[in-house]
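Single-structure report; data block below.
The values are calculated or read from the model by the stated rules, or taken from the named source; none is laboratory data. Just so we're clear, the structure is a prediction, and the values are computed from it rather than from any experiment. As a convention, Cβ positions derive from the backbone with ideal geometry for all residues, glycine included, and neighbour counts pool all protein chains shown. Accessible surface is based on the protein model in full, side chains and every heavy atom, while ligands, DNA and RNA are left aside. Shrake-Rupley method; radii C 1.70, N 1.55, O 1.52, S 1.80 Å.
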Amino acid sequence: LVDSAAVERLVADASGLLEEMPYWEDAAALLAWLLLRAGRPDDVLKACAAPPQGSEAAQGSGHCCEWRWWLQAQAKWQSGDLSGAQELLQEGLLKLDAHQHSKSSSSSAGSTTSSSTSTTGAASFAALLLPQRGELQSLLEQLAQQQELKADGNKQMGAKQYEAAIEAYGKALA
């Protein structure tokens, strides 16, 4: 989304929807996703706060609030908090592995219900936001490289090797 006015209208519409239905996880996920696309990481972190009392997420039904860690990690990366993003991504990888393990245990026990689908079988918007394990692993590797390059740039700055520092920072941002 390029048109900032259109993005702000969508954010306002999603906010209104969430005010009307504060317990609907897909509305909360939509708002946080739009805020992320609008380049508002601080607002994303607020939107990803704990779900309201009485909501399906607060009651712990299924895996409906898994989207929160994913959007929080992206918001931290967007705001430059690489270590915070890396920590959330590592936690998310563990959650995905645990979810995959519980899903395979359920299917071997004869259950065919997926946690990313509702009782009608339609995937929720929030579930569609989640990355695949391979994508998450790749992001973690990329983030580790960025942090190494940033640390190298900081070291070069301390040694007053400004051109080398700029080169390292540039590679980290590429």
Q. Counting Lys +1, Arg +1, Asp -1, Glu -1, what net charge surrounds G170 among other residues with beta carbon under 13 Å of its beta carbon?
A. -1
**Q.** Most to least accessible of D13, D26 (protein chains only, probe 1.4 Å)
**A.** D13, D26
**Q.** 3J(HN,Hα) from dihedral phi, the range 69-84, Karplus parametrisation 6.51/-1.76/1.60, rounded to Hz, x for glycine, proline
**A.** 4, 5, 6, 5, 4, 5, 5, 5, 4, 4, 8, x, 8, 5, 5, x
Q) Within straight cross-link reach of K171, meaning Cα distance under 26 Å, which lysines are found once same-chain residues fewer than 8 apart are removed? A) K76, K150, K155, K160
Q. How much length, in nm to one decimal, is gained on full extension between Q78 and E135, taken as 0.36 nm per residue of separation minus their Cα-Cα distance?
A. 18.8 nm
Q. Taking 0.36 nm per intervening residue step and subtracting the Cα-Cα distance, what contour gain separates A159 from Q90 on full extension?
A. 21.6 nm
